[in-house]
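Below: the structure, in structure tokens.
The values are calculated or read from the model by the stated rules, or taken from the named source; none is laboratory data. None of the values given here were measured: they were computed from a predicted structure. Note that each Cβ is placed from the backbone with ideal geometry, even for glycine, and that neighbours are counted across all protein chains shown.
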Amino acid sequence: MYRLFGIIYALAGPTLAGILITAALTMNMVDTKSMIYAAVVGFVAALPIAWIVARQIDQNA
């Protein structure tokens, strides 16, 4: 399951970080600090999401 978690996290982390960076840019937060915070929040938020999805896939497989 850890391998599956790693694969899902590798896809979900950058995706969520990109979404949050795009949202920050849309709100006219163009400073470096906001971009870094958005990226970090995206990568951290992807951890439980990837874990839950990997667990669901592993249980149903």
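Structure values in brief
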{"quantity": "Residue check, residue 20 more than 8 Å from the chain's Cα centre (by Cα), surrounded by 13 or more Cβ atoms within 10 Å (Cβ to Cβ) and at pLDDT 95 or above", "calculated": "yes"}
{"quantity": "Filtered residue count, region 1-45, keeping only those that are assigned to a helix (DSSP H, G or I) and closer than 20 Å to residue 59 by Cβ", "calculated": "10"}
